[in-house]
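These notes concern the structure reproduced below.
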Amino acid sequence: MTQGKRAMADWSRRDFLKTAGVVAATLAFPEIIISCGTSSSTPSAAIPKPRKGASIRLLQWTSFVKPADAEFTRQATEWGAANGVTVAIERVTGDQLQPKTAAAVEAGSGPDIIQMQYGWPQLYTDACLDVTNEVNILIGKLGNPDPVNEAFCKVKGTWRAIPYTVVPNAWTYRTDYFQQAGVSNFPTTWDELTAAAAKLKTTGKPISQTDGHAYGDSLTMWNPVLWGFGGKEVTADGKTVAINSKETRDAIKWAQGAVQAGLVVHPEWLDPDNNQAYHANRISGTLNGASIYIREKIEFHKYTDVTNNAPMPSGPKGTFAMNLIFNHAVMKWSPDADTAKAMLLALMEKDQYQKWTLIASGYNAGPFEALHNDPVFASDPKLKAFQEVVAPGKWPGWPALPSKKTAQAQTQFIVADMFAKSLANGGTGDIEAAISAAETSLKAIFERP
């Protein structure tokens with residue numbers, strides 16, 4: 001499945017422009033009004049204007065593809081120079097982004113724009129300005145946003161963040177070690193992964209993954225495993241805790257069997273650790289963003305030819321994926337909110353955005369319809385796996401819609417901790433104790449008044 005086949009509502013840029021009767025203009029000099037309909041009673045979307053002399057500070061993570069960060073900074077600085085705005089990009093590690101954001105919200109002051117991870121707009125709603133007007137402008141230009149970005153950004157019908165990017169997570173693996181072990185292709189089911197892990201164990205280069213508090217790699221591993229066997233944290237109503245089930249036990253039993261067969265899990269690993277292990281030739285495969293492959297390809301040049309990538313395996317209940325999702329929120333304390341909004345709109349222009357994704361080399365996927373068939377993914381067949389995992393991507397708490405409560409459960413790593421406890425001691429941890437602890441934690445979140 002490709003990104004172009006995602007299930008979207010029937011709305012295109014051409015349809016919008018035909019209805020609105022306008023021509024897109026450069027956001028660096030915003031003087032146009034985009035009408036969302038022909039009726040005079042229909043609200044209009046006014047493009048925000050930057051204020052000359054304003055200063056904008058944006059807080060972002062330091063990504064795993066440094067040239068992409070440099071390109072984003074270049075574009076923001078260039079836009080600032082063209083509009084008489086001073087732009088400062090503050091970068092912190094992904095692990096520091098959450099406490100920095102929480103501290104700013106608590107203080108009611110800080111960066112004008114904060115990069116929100118997963119469901120943080122649900123968690124920090126009152127601190128995020130309404131950006132419905134700006135998202136509607138982007139919908140008019142780029143088509144519908146991806147369902148996951150929309151689910152995270154839209155709080156009770158109001159857009160509290162502007163969709164920014166998807167960081168797809170797929171499996172990166174060493175084809176030479178797989179062939180040495182007699183595994184011709186990357187597994188397409190979780191049971192096949194167990195069999196492959198047993199064979200790769202004999203090479204001394206195991207398939208390895210974190211089950212610790214890695215905000216990306218741990219969550220994007222264990223939530224899809226849970227869903228693939230039919231388990232879930234909470235029912236679709238977002239109120240009824242459902243973790244204590246046969247399906248959850250099936251997921252954990254699979255994980256225990258995989259670890260006992262040869263899959264190596266690391267509760268101490270954070271997001272950079274599996275990257276380092278791969279580049280150091282210690283493992284044969286791991287779930288990650290495209291950064292491992294990209295850095296081998298453009299920087300290290302050691303294992304490029306023997307590295308390939310594969311999408312998520314399937315469980316008995318289907319194929320599921322979870323990707324790292326980022327969106328930009330304009331904070332309520334910003335003295336120049338319109339300037340901040342204008343800059344974000346300019347950076348999301350298709351030509352600008354795809355300059356950035358080209359430099360990112362396949363690490364980032366666009367969150368709007370017009371950005372789906374990004375040429376960067378056609379430039380290298382080995383990037384196809386990262387494109388394929390975007391469409392089946394879900395969010396923490398699925399099938400419930402994102403909410404403050406699902407965001408709280410995600411930031412507490414409840415699902416990952418449940419698996420980690422079960423996988424202790426070589427995959428022989430107490431399943432019932434792990435499920436009971438998860439259930440208690442989830443009920444404290446979802447079933448309180």
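The table below gives the values:
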{"item": "Residue count, region 182-202 (criterion: farther than 24 Å from Arg295 by Cα and open to solvent by 20 Å² or more (accessible area, probe 1.4 Å))", "result": "12"}
{"item": "Single residue of region 397-449 satisfying the filter (acidic (Asp, Glu) and touching a helix residue (DSSP H, G or I) at 6+ places or on another chain (Cβ under 8 Å)) that is nearest to Phe320 (Cα to Cα)", "result": "Asp417"}
{"item": "Members of region 216-271 found to be out of contact with any Ser or Thr (no Cβ under 9 Å at 6 or more places or on another chain), over 18 Å from Ala437 (Cβ atoms), open to solvent by 10 Å² or more (accessible area, probe 1.4 Å) and of a type in the set (S, T, N, Q), listed by number", "result": "Thr235, Thr240"}
{"item": "Qualifying residue in region 179-186 (condition: touching a Lys or Arg at 6+ places or on another chain (Cβ under 7 Å) and among the β-branched types (Val, Ile, Thr))", "result": "yes"}
{"item": "Top-ranked residue in region 232-241 [being in contact with a Leu (Cβ under 9 Å, 6 or more places away or on another chain) and in a loop (DSSP other than H, G, I, E, B); ranked as farthest from Ser441 (Cα to Cα)]", "result": "Ala236"}
{"item": "Test: residue in region 144-151 that is of a type outside the set (S, T, N, Q), open to solvent by less than 50 Å² (accessible area, probe 1.4 Å) and touching a strand residue (DSSP E or B) at 6+ places or on another chain (Cβ under 6 Å)", "result": "yes"}
{"item": "Answer from Ala70, Ala102, Ala127 - the residue that is open to solvent by less than 10 Å² (accessible area, probe 1.4 Å), modelled with pLDDT of 95 or more and either within 22 Å of the chain's Cα centre (by Cα) or closer than 19 Å to Ile162 by Cβ (or both)", "result": "Ala127"}
{"item": "Count - residues of region 142-153 that are assigned to a helix (DSSP H, G or I), closer than 14 Å to His372 by Cβ and either among the β-branched types (Val, Ile, Thr) or touching a helix residue (DSSP H, G or I) at 6+ places or on another chain (Cβ under 8 Å) (or both)", "result": "2"}
{"item": "Check on Ala407, out of contact with any strand residue (DSSP E or B) (no Cβ under 6 Å at 6 or more places or on another chain) and open to solvent by less than 20 Å² (accessible area, probe 1.4 Å)", "result": "yes"}
{"item": "So Tyr164, is it part of a loop (DSSP other than H, G, I, E, B), under 14 Å from the mean Cα position of the chain (by Cα) and surrounded by fewer than 24 Cβ atoms within 10 Å (Cβ to Cβ)", "result": "no"}
{"item": "Residue selected from region 368-390 under the condition of a type in the set (Gly, Ala, Ser) and out of contact with any helix residue (DSSP H, G or I) (no Cβ under 8 Å at 6 or more places or on another chain), by the criterion modelled with the highest pLDDT", "result": "Ala385"}
{"item": "Qualifying residue in region 366-374 (condition: surrounded by 19 or more Cβ atoms within 10 Å (Cβ to Cβ), assigned to a helix (DSSP H, G or I) and aromatic (Phe, Trp, Tyr))", "result": "no"}
{"item": "Selection status of Thr428, more than 28 Å from Ala102 (Cα to Cα) and either β-branched (Val, Ile, Thr) or open to solvent by 30 Å² or more (accessible area, probe 1.4 Å) (or both)", "result": "yes"}
{"item": "Tabulated pairs, region 425-449, first closer than 18 Å to Phe413 by Cα and free of Cβ contacts under 8 Å to residues at least 60 places away in the same chain, second assigned to a helix (DSSP H, G or I) and of a type in the set (A, V, I, L, M), C-beta under 6 angstrom, 6+ apart or interchain", "result": "Ser441/Ile414; Ile445/Ala409"}
{"item": "Candidate set from region 375-420 (those that are in a helix (DSSP H, G or I) and of a type in the set (Asp, Glu)); member that is farthest from Ile252 (Cα to Cα)", "result": "Glu388"}
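Yes/no matrix, rows are residues, columns are (1) outside any loop (DSSP other than H, G, I, E, B); (2) closer than 19 Å to Val259 by Cα:
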| position | (1), (2) |
| --- | --- |
| Thr194 | yes, yes |
| Gly204 | no, yes |
| Gln209 | yes, yes |
| Thr220 | yes, yes |
| Gly230 | no, no |
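Each row is one residue, and each column tells you yes or no for (1) buried (at least 24 other Cβ atoms within 10 Å of the Cβ); (2) under 26 Å from Ala407 (Cα atoms); (3) among the polar types (S, T, N, Q).
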position	(1), (2), (3)
Pro311	no, yes, no
Pro316	no, no, no
Ala329	yes, yes, no
Ala340	yes, yes, no
Glu349	no, no, no
Gln352	no, no, yes
Lys355	no, no, no
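Conditions (1) of a type outside the set (Ser, Thr, Tyr); (2) in contact with a strand residue (DSSP E or B) (Cβ under 8 Å, 6 or more places away or on another chain); (3) in contact (Cβ under 8 Å) with a residue 40 or more places away in the chain, marked per residue:
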residue	(1), (2), (3)
Glu106	yes, no, no
Gln115	yes, yes, yes
Asp126	yes, no, yes
Val135	yes, yes, no
Val167	yes, yes, yes
Thr172	no, yes, yes
Phe186	yes, yes, yes
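The values are calculated or read from the model by the stated rules, or taken from the named source; none is laboratory data. Quantities reported herein were computed from a predicted structural model and do not represent experimental measurements. Note that each Cβ is placed from the backbone with ideal geometry, even for glycine, and that neighbours are counted across all protein chains shown. Surface accessibility is based on the protein's heavy atoms, side chains included, excluding ligands, DNA and RNA. Shrake-Rupley method; radii C 1.70, N 1.55, O 1.52, S 1.80 Å.
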